[in-house]
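Written below as structure tokens is the structure these notes are about.
The values are calculated or read from the model by the stated rules, or taken from the named source; none is laboratory data. Everything quoted here is computed from the prediction, not taken from an experiment. Ideal geometry is used to build each Cβ from the backbone, glycine not excepted, and the neighbour counts take in all protein chains shown. Heads up: the accessible areas ignore ligands, DNA and RNA and are worked out on the full protein's heavy atoms, side chains in. Shrake-Rupley method; radii C 1.70, N 1.55, O 1.52, S 1.80 Å.
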Amino acid sequence: METASTDNGLSRISYLGRFLELVQLVAGAPDPGLTLSELAARGGVPPSTVSRLARLLEDHGLVQRLPDKR
């Protein structure tokens, strides 16, 4: 199966997989105030990737950034 590449070189399927892993981490977290660094460490992905994915979730109203930036 072929995958199309995104501008940053990640395959779309790989990016979607990382997105779904982030959703699972957020949904299963006992503490809703996880930082991006904590999510990156738990998901084994770079913080920059978690930041982009979290921003997408936030843009769609699925997560909320707390006043302390969590």
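Quick notes on this structure:
- Residue check for R42: open to solvent by 80 Å² or more (accessible area, probe 1.4 Å), at pLDDT 85 or above and either over 17 Å from D68 (Cβ atoms) or not basic (K, R) (or both): yes
- Considered as a group, the residues in region 23-35 that are touching a residue at least 24 places away in the same chain (Cβ under 8 Å) and of a type in the set (A, V, I, L, M, F, W, C) include one that is least open to solvent (accessible area, probe 1.4 Å), and that residue is L34.
- Flag for S14 being at pLDDT 80 or above and among the hydroxyl-bearing types (S, T, Y): yes
- Complete set of residues in region 57-70 that are open to solvent by 70 Å² or more (accessible area, probe 1.4 Å) and on the phi < 0 side of the Ramachandran plot: D59, H60, L62, Q64, R65, P67, D68, R70
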